[in-house]
Each structure stands twice: as C-alpha cells, then as structure tokens.
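Derivation of every value follows stated rules applied to the coordinates shown; laboratory data play no part. What you see is a predicted model, and the numbers here were worked out from it, not measured in a lab. When we count neighbours, we look across all protein chains shown, and the Cβ atoms used for this are built from the backbone with ideal geometry, even at glycine.
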Amino acid sequence: MLSQKNVKRFIYLLGIVAVVLGIYGFYSRLFFGERDVNYGSYVNWGLWVAMYLFFAGMAAGSYMVATLDYVFNLSAFKGTGKYGLWAAMVTLPGALIFIGFDLGHMERVWKVYLQPNFSSLLAQLVWSYTLFLIVTVTSLYFAMRNNLALLKPIMVVGLVLAIFVSGGVGALLGVNASRATLHTAMLPAQFPILNLTSGVALMLLIVNLFNVISDEEQRNRLTRILRYILVVLIIVKAYFLWVDYSQALYSGVPDAVDAVNLVLFGTYGWAFWILQVGLGMVLPVIVLLQPNLSNKKMLVGLMGLLVLLGLAVARTAIIFPAMAIPELEGLAEAFTGPHLGYDYVPSLMEWSVTLGIVGLSTLAFLIGTDFIGFFKDSSEVAK
C-alpha cells in the first residue's frame, strides 16, 4: 500500500500535469477570447459556470467546517480550522477565475464595483463574494497570529457570509423564470447543504490522506464524526434530488420534464447514474457506514474524493440540462451556425482550463500546507 508521503507526491505530480494541460486553455482564452468554446448564444452557461458553482461551494463549505474549530470550539475538530481556512483560500480564487473566464468582456468587471446596481442579485453576489474573500484572508491572518480574540467575531461574520453566498447562488439560478428546471424555490435551500457537504468531504480527504492530525485517537474520532455527518448530508442531498425531479415530472411542464429526462435517461444519463449517484453517493454511503475503518485511511480519503466528484457532476446536472431546452419552440431550426446549437458538450479548450484551475488550486493547497510555518507545527508534521 502507498504511504501517505508517496500519496502526497503522487497528488503533486497530478497537480503539475493538470497545470501543464491547462496552459493551452489559458492561452486560448486570454488571447483568442471565447472562439474555442462550445457554449454560445443559446447555451450561454457551460462547464465553467458549473465549476464556478462547485469551487465556490467548496470554499463556503470549507469555511463552515473551519468554524467548528475556531467558533464552536469542538474538541474533535481542534487543529482542523486552519486547513479549512486554507482550503477556502485556494478554492475561492479558482471559482472566481472560472466565472471570470466565462465573461465575454472580463475587462468590464470594474463596472460592478464602481457602477453597481444593488437591485441585481448578480451585483449582490459579486460584492458578497468579494467581502467573503476579504473575511477569509482576514480570518487566516488572525489564525496565523493566534489572535483568537479577533478571530472568533470575524469568523462569525464569515459564517453568515458563507451561508448567504451559498443561498444567493441558488437564488440567482432560481429567478430564471424562463428556465423551468431552475425556477424553483428549492435551489436557495439546497446550496448551503450542498456546499457544507463539499466542505465535510474535503476535510475527510485532508484528514485521512495528509495526516494533519498526529494524535491517532483524535484522528479516529474526527474521522468517525465526519463519516457520519457526510452520510447524513448525502441522504439529505438524495432527498433534494427526489423532490426536484419528482416534482418536475409530476408537474407535466414540458420544459421541466424534458430537462429531467435528459438527466435521467438522455445525454447526461451516464454521468448522473454512474458518477453522481453510483460513485458519488451510493458507494461512499456503503463504505463510510462500515465499522473498523480506522486502519483504512486511504479508502476513507478516497470516499471523500468520490463525493466531491459527485458534487461537481451534480453542478453540471443543474446547468447543462437547463440550457439544453429551447426557450422558444423552433428556435434551434430558425438559425444555424457556430455557437447556435443546443447540443452542448464542453470543448477541449474548456476542459483544458478546468484542469489548469484544478491543478493550480491543488498545488496551492499542498505548497501552502508544506511550506508555510503555520501548518508546520511539530505535532502535526505529515508522516
């Protein structure tokens, strides 16, 4: 079996390979704009928007988990708060790069700061994420200085912001009245739960693959708590799925029914059943409920990774089908040409950018925890 040291080296290697593969996508987007993307005038949200939702969710969820140490002072989570904050610190910029690259004119982003329209949910989210990033950096600073007197109130504010931006993203999608699958009040309620799930899954992976807790008894106790929390959250997620899809099918609204059928039985069926449900939900629940997993840290960490994979696919299952249904009957046949289709599959360039950002975030997390003194306490040196 691979040692944890070799596992970390392997992840370093994967991160470097991902960044190298991402060079093409970054070059194409920065120098040729959106020429090589497969979304367009009809399908105007694609892979990058889905990954923005996923990375922003990991950031918010990781921050929520960090408060269990620094705000609520739970003994089982002692020593994990700094890793949760650092995870939020490296994933939130990744989310902002994704959504920035999706913008047709990135250079106009200053307008939302200098000429904001605060009646717009999008403007509210941009400002909220900016504040959340500032609060995350501030929280990390006070944590590094061990200034708990200032850290706790700052993190209380950060927790409120993490919940707000989570629900705000759901609201931003939900107010799209022309998209039947998105126009539901369930989305603002779902996203805080989905984001917390990603934060718990990421912490389970960190604790078990990187040995950040040297005390074996505490690590086993923490792993057990995280396992059970994650199982409960997966079950809640399954309930949300059932409510969403059964309600859409029962309503008989053509656009909603068509979109759900695309997910369950159509173009995206394999990703839903195999990646999101099979590998991302069913298998982790079965494994994480097994007794005596204290000596199977690699397996437990892998389950956290699979849950994250399922959550990433879940974001695509929200975005892709909603964009695949024409808003006007016959629109797909009325005009034809590049970027005027509904059969969206991410292009090589879109995948390249995605790999690059995943690689950068992964390397940033590893380099930070390996070389910043804050993470190098003698009692917590990874073995």
Exercise for the section: Please report the relative contact order for the chain, taking Cα pairs under 8 Å with a sequence separation of at least 6, and give it as a percent rounded to a whole number. Expected result: 32
Practice task
May I ask for the angle, rounded to the nearest 10°, between helix 186-209 and the longest principal axis of the chain, with both axes built from Cα atoms and the value confined to 0 to 90°?
Solution key: 40
Problem - Whole-number D in µm² s⁻¹ for region 208-264, Kirkwood Cα-pair radius fed into Stokes-Einstein, 10 °C, 1.306 mPa s - result: 112
Practice task
Find the relative contact order for region 211-297 and round it to a whole percent, using C-alpha pairs within less than 8 Å whose residues are 6+ positions apart.
Solution key: 35
Exercise for the section: Treating the angle as unsigned and between 0 and 90°, give the value, to the nearest 10°, between the Cα long axis of helix 254-264 and the longest Cα principal axis of the chain. Expected result: 50
Handout entry: Relative contact order of region 46-187, pairs being alpha-carbon contacts under 8 Å that are 6 or more residues apart, as %
Key = 26
Problem - Count of lysine pairs in the chain with Cα separation under 17 Å (8 or more residues apart, or interchain) - result: 14
Handout entry: Sparse-neighbourhood loop sites, chymotrypsin sites (Phe, Trp or Tyr not before Pro) in region 263-368 - DSSP loop, at most 13 other Cβ within 10 angstrom
Key = F265, F335, Y342
Fill in the blank from the handout: From DSSP H assignment alone, runs of 4+ in the chain each adding -39500 (n - 2.57), the sum over residues rounded to the nearest 500 puts [θ] at 222 nm at -23500 deg cm²/dmol
Practice task
For helix 348-371, report the angle its Cα long axis makes with the longest principal axis of the Cα atoms of the chain; keep it between 0 and 90° and round to the nearest 10°.
Solution key: 20
Exercise for the section: Arrange V71, V65, V37 by Cβ neighbour counts within 10 Å, fewest through most, would you? Expected result: V71, V37, V65
Handout entry: Geometric extent, Cα atoms of region 136-279 - Rg, Dmax (angstrom)
Key = 19.3, 57
Handout entry: Cleavage-rule hits (trypsin sites (Lys or Arg not before Pro)) in region 1-54: DSSP loop, at most 15 neighbouring Cβ within 10 angstrom
Key = R35
